[in-house]
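Below is one structure, written out as structure tokens; comments come after it.
Bear in mind that the values in this text are calculations on the coordinates, not laboratory data. None of these values were measured; they are calculated from a predicted model. Glycine also receives a Cβ, built like all others from the backbone with ideal geometry; neighbour counts cover every protein chain displayed.
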Amino acid sequence: MELTAREFTHCSAQVLAAVERGETITVTVNGTAVARVMPISHDDVLPCPTGPMGAIQLPDLGLPELTDGELER
């Protein structure tokens with residue numbers, strides 16, 4: 001299926017539903033293909049962390065330590 005960028009903008013939910021069903025959509029601007037929206041497999045999806053990332057190590061900037069009261073001023 002081929003859509004203009006304007007059509008893609010106005011009906012993106014329907015486009016994504018079509019892609020979910022297995023269709024590949026080509027998006028054009030002024031008649032030139034600029035993008036392809038297509039289904040991906042679970043093998044293509046990179047795992048993303050869902051839990052805490054762990055301790056964060058902040059660099060020492062040499063600033064004085066401040067209490068909570070001093071920070072709220």
> Tell me, Kirkwood radius of the chain from alpha-carbon pair distances, in Å?
Replying inline: 17.1
> Where does the range 1-40 land on Rg/Rh, using Cα atoms and the Kirkwood Rh?
Replying inline: 0.95
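Can you give the FRET efficiency for Ala5 and Ser41, using 1/(1 + (r/R0)^6), R0 = 25 Å, r = Cβ-Cβ distance, to the nearest 0.05?
On the way: r = 26 Å, r/R0 = 1.06.
So, using R0 = 25 Å, E works out to roughly 0.40.
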>> For the range 1-40, what does the relative contact order come out to in percent, with C-alpha contacts under 8 Å and a separation of six or more?
In response: 41
> Given charges of +1 on the Cβ of Lys and Arg and -1 on the Cβ of Asp and Glu, with all other atoms neutral, how large is the dipole of the chain about its Cα centre, in debye to the nearest 20?
Replying inline: 500
